Structures are given as C-alpha cells and as structure tokens.
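Coordinate-derived values only; no laboratory data. These figures come from a predicted structure and were not determined experimentally. Every residue, glycine among them, receives a Cβ derived from its backbone with ideal geometry; neighbour counts consider all protein chains shown.
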Amino acid sequence: MAQTGGYLIAAAGPVTASVLRAATGTWAAPLLVFLGVLLLSGVASLRAGRG
C-alpha cells in the first residue's frame, strides 16, 4: 500500500511541472518548487534518521 502511495505522489511531479510551466511560461517556477520539495525531503530524512 505504501508503494502505491509513493507512485501516486511521484506521478504528480510531471503534471505539476507542466502546469507550472504553462502558467508561468518559464521553467524557473517548477524548478524552484522541486528544489523546495527536495530540501524538505532532506530535512525530513535527517530528522527521521536520528531516532
């Protein structure tokens, strides 16, 4: 079940990127959003590994 959730979340990435690209006309917005997600994931991973 967790794998299904992971795939559903991962499938949202390309859709989100294309919607942001179409809305803004540039790749800056999608890249900044994904950079933010990357940073949040890194912080969450570091915090989870401490316990």
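Being under 15 Å from the mean Cα position of the chain (by Cα) and among the hydroxyl-bearing types (Ser, Thr, Tyr) is the filter here, so list the residues in the range 21-41 that pass it. Before you say what the answer is, go through the steps one by one.
Applying the first criterion (under 15 Å from the mean Cα position of the chain (by Cα)) to the range 21-41 yields 21, 27-41.
Selection gives SER41 alone.
Applying a threshold of 7 Å to beta carbon distances and a minimum spacing of six or more residues, or different chains, the list of pairs starting in the range 31-47 at a residue that is closer than 19 Å to ALA12 by Cβ and ending at one that is part of a helix (DSSP H, G or I) and of a type outside the set (Val, Ile, Thr) reads VAL33/LEU20.
Within the range 1-25, being in contact with a helix residue (DSSP H, G or I) (Cβ under 9 Å, 6 or more places away or on another chain) and either of a type in the set (A, V, I, L, M) or part of a loop (DSSP other than H, G, I, E, B) (or both) holds for ALA17, VAL19, LEU20, ALA23. Within the range 20-51, the set of residues being among the polar types (S, T, N, Q) and under 18 Å from GLY6 (Cα atoms) comprises SER41, SER45.
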